[in-house]
Amino acid sequence: MAGRRIRITAGDHLVTAVLNSSYTSDLLWDALPIEASGSTWGDEIYFRIPVEDEEDDAQEVVEMGAVGYWPPGQALCLFFGRTPASIGDEIRPASAVNVLGDIEGDATVLKEVASGTNIRVEQA
């Protein structure tokens, strides 16, 4: 079901995202709500979630605001700029991620979120 929206609260910051119709998105939707301590890696926040899936049409470079699932770490990843693996202006995950959807509006507000911040993801 495309068009499902999620609310992501990271400390004092709130963004919404629209999920795509992938199988991994379905698994995320069914696992909500999720709360975890977020880690940062460049302009990416990631945290372990109770979802297990394999790579599915996984991408090595993503768009600004992408919401991804990183299979090796069972992690949800929020991309809002360059990572240590980026070359030039690209946004490159540590390894390929399943893209689950896109953050609506300005994803760069997440640059203010510190590593260790509590993150809550819920159905919007």
Pairs of alpha-carbon atoms within less than 8 angstrom and 6+ residues apart define the contacts here; what relative contact order does the chain have, in percent? 37 percent
From the phi of every residue in region 23-28, what ³J(HN,Hα) in whole Hz does the Karplus formula 6.51 cos²θ - 1.76 cosθ + 1.60 yield, where θ is phi - 60° and glycine or proline is x? 4, 5, 4, 4, 4, 4
Distance in Å, no decimals, from the C-alpha centre of region 74-124 to the one of region 1-51 is 10 Å
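Could you compute the net charge surrounding LEU14? Neighbours are other residues with a C-beta less than 15 Å from the C-beta of LEU14; K and R count +1, D and E count -1.
It works out to a net charge of -2.
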Would you work out which of ILE103, PRO71, SER86 lies farthest towards the positive end of the dipole of region 21-124? Charges go on Cβ: Lys and Arg +1, Asp and Glu -1. SER86
Cβ-defined net charge surrounding VAL99, 10 Å radius [Lys, Arg +1; Asp, Glu -1]: -4
Going through region 16-67, which GluC sites (Glu not before Pro) have at most 16 other Cβ atoms within 10 Å and a DSSP loop state? GLU52, GLU54, GLU55, GLU60, GLU63
Note the listed values (i) -0.60; (ii) -0.67; (iii) -0.50, then indicate which one is log10 I(q)/I(0) by the Debye sum over Cα atoms at q = 0.14 Å⁻¹ calculated from this particular structure. (iii)
From the phi of every residue in region 100-108, what ³J(HN,Hα) in whole Hz does the Karplus formula 6.51 cos²θ - 1.76 cosθ + 1.60 yield, where θ is phi - 60° and glycine or proline is x? 9, x, 9, 6, 7, x, 8, 6, 5
Calculate for the chain the 222 nm mean residue ellipticity that helices alone would give, adding -39,500 (n - 2.57) per DSSP H run of length 4 or more and normalising by residue count, nearest 500 deg cm²/dmol. -2000 deg cm²/dmol
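Values in this text are rule-based calculations from the coordinates and carry no lab data. Computed from a prediction, not measured in an experiment: that's the story for all the values here. Every residue, glycine as well, gets a Cβ built from its backbone with ideal geometry; the counts of neighbours run over all protein chains shown.
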